[in-house]
Amino acid sequence: MQHDVIVIGGSYAGMAAALQLLRARRRVLVIDAGQRRNRFAARSHGFLGQDGADPGEIARTARAQLQAYPALDWVEGTASAATGAKDGFSVTLADGAGHAGRRILLATGVSDQLPPVAGLAERWGRTVFHCPYCHGYELDQGRIGVIATGPMSVHQAKLLPEWGEVTFFTNEALTLEPLDRQDLARRQVTIEEMPIERISGDADVVMRDGRELAFAGLFTASRCVPASPLAAEMGCEMMETPMGIQVQTSSAKETSIPGVYACGDAARVPHSVSLAVGDGAWAGAQLHRSLVWPDD
């Protein structure tokens with residue numbers, strides 16, 4: 001069977017795109033490896049109508065709604081290769097199974113490359129975060145630590161005083177310019193240049209000199225890379241952003257390869273569930289238009 005669209009990645013963006021296509025009565029295959037980026041978080045915030053909901057439950061409800069459409073096929077697995085051209089693509093899974101499709105949508109999400117601070121990765125999504133709009137309110141204006149990873153961290157440290165009293169740990173990741181120091185001081189941000197030894201407790205920062213500083217939560221700007229190498233292996237053009245590497249797309253979400261589209265965190269910045277859903281919905285509509293008017 002040839003599907004109209006093969007969606008690789010069944011999280012929020014991929015499902016939002018699939019919904020538009022299914023409602024246009026197109027045959028859709030979703031291939032999902034089951035690794036949502038926010039799987040470590042207990043609550044999803046900032047998504048209208050779902051504020052404070054379990055992100056896993058949001059995903060389960062969405063999938064159940066998609067499965068009410070008879071034109072949907074869903075495969076749990078990992079896409080390992082994709083070949084072919086517009087109107088004649090072939091996607092191979094890790095188990096060797098093959099699927100044919102007229103279009104491909106890459107909604108693979110991203111992986112977060114975290115700073116090498118002992119104890120930080122274990123707390124990612126629980127007491128260590130990247131988005132203040134998603135997690136800042138729940139810290140109840142308590143003390144917030146920002147752990148630097150590069151230039152984007154300065155922006156993060158300047159913004160976060162909206163949510164609490166901020167300490168900025170440069171942690172040997174950057175050298176602050178005088179103007180940045182002035183701006184941080186104006187925002188009443190404490191600058192801590194002693195390197196971090198480890199994270200302990202819920203969100204306590206142990207310094208190399210032995211001091212232990214307690215916080216309500218910590219923020220860090222992870223470097224993002226596509227969670228799957230598939231886009232690069234297919235030859236899609238990639239682009240560097242302040243947040244990492246993403247798949248380059250047109251305004252219609254088409255990559256540099258005709259007939260291959262990308263959406264969600266792997267193809268846009270910044271990132272959140274609501275932005276991923278919106279991006280996916282737009283990609284789904286654009287994919288449908290490409291099937292109706294293939295020569296446009």
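The values are calculated or read from the model by the stated rules, or taken from the named source; none is laboratory data. Worth saying up front: this structure is predicted, and the values here are computed from it rather than measured. Glycine also receives a Cβ, built like all others from the backbone with ideal geometry; neighbour counts cover every protein chain displayed.
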Among (1) in contact (Cβ under 8 Å) with a residue 60 or more places away in the chain; (2) at positive phi, LEU29 falls short only on (2)
Only one of (1) assigned to a strand (DSSP E or B); (2) over 26 Å from LYS86 (Cα atoms) does not apply to GLY210, and that is (1)
Given the conditions (1) farther than 19 Å from GLU233 by Cα; (2) touching a helix residue (DSSP H, G or I) at 6+ places or on another chain (Cβ under 9 Å); (3) not small (Gly, Ala, Ser), every one holds for ARG123 apart from (2)
In the set GLY244, GLY201, GLY210, GLY278, the lone residue that is surrounded by fewer than 23 Cβ atoms within 10 Å (Cβ to Cβ) and in contact with a Lys or Arg (Cβ under 7 Å, 6 or more places away or on another chain) is GLY244
(1) in contact (Cβ under 8 Å) with a residue 60 or more places away in the chain; (2) of a type in the set (Gly, Ala, Ser); (3) under 30 Å from LEU105 (Cβ atoms) all hold for GLY235 apart from (1)
Filtering segment 18-38 down to residues that are within 14 Å of SER228 (Cβ to Cβ), out of contact with any helix residue (DSSP H, G or I) (no Cβ under 9 Å at 6 or more places or on another chain) and charged (D, E, K, R) yields none
Scanning segment 144-163 residue by residue, those buried (at least 18 other Cβ atoms within 10 Å of the Cβ) and either touching a helix residue (DSSP H, G or I) at 6+ places or on another chain (Cβ under 7 Å) or of a type in the set (Phe, Trp, Tyr) (or both) turn out to be ILE144, VAL146, VAL154, ALA157, LYS158, LEU160, TRP163
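Only residues that are in a loop (DSSP other than H, G, I, E, B), closer than 26 Å to HIS271 by Cα and among the hydrophobic types (A, V, I, L, M, F, W, C): list them for segment 96-114, please.
Applying the first criterion (in a loop (DSSP other than H, G, I, E, B)) to segment 96-114 yields 96-97, 107-109, 114.
Among the residues that remain, those that are also closer than 26 Å to HIS271 by Cα are: 107-109, 114.
Passing the criteria: ALA107, LEU114.
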If you go through ARG123, ARG103, ARG187, the only one that is of a type in the set (Lys, Arg) and farther than 20 Å from LEU213 by Cβ is ARG103
Residue hits (segment 32-68; under 29 Å from ARG123 (Cα atoms), in contact (Cβ under 8 Å) with a residue 24 or more places away in the chain, in contact with a strand residue (DSSP E or B) (Cβ under 8 Å, 6 or more places away or on another chain) and aliphatic (A, V, I, L, M)) are ALA33, ILE58
Subset of segment 1-50, residues touching a Phe, Trp or Tyr at 6+ places or on another chain (Cβ under 6 Å) and closer than 16 Å to VAL292 by Cα, comes to LEU22
Among (1) under 15 Å from PHE169 (Cα atoms); (2) among the basic types (Lys, Arg); (3) assigned by TED's automatic domain parsing to the domain that holds ARG37, LYS253 falls short only on (1)
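Given the structure, is CYS236 modelled with pLDDT of 95 or more and under 15 Å from the mean Cα position of the chain (by Cα)? Quick ask: steps written out before the conclusion?
Details: modelled with pLDDT of 95 or more: yes; under 15 Å from the mean Cα position of the chain (by Cα): no.
No, not satisfied.
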Selection from segment 12-27 of residues under 11 Å from LEU287 (Cα atoms) and surrounded by fewer than 24 Cβ atoms within 10 Å (Cβ to Cβ) yields GLN20, ALA24, ARG26
Selection from segment 86-113 of residues farther than 19 Å from ARG26 by Cβ and surrounded by fewer than 16 Cβ atoms within 10 Å (Cβ to Cβ) yields THR92, ALA94, ASP95, GLY96, ALA97, GLY98, GLN113
Considering residues that are in contact with a helix residue (DSSP H, G or I) (Cβ under 9 Å, 6 or more places away or on another chain) and part of a strand (DSSP E or B), the number found within segment 194-207 is 1
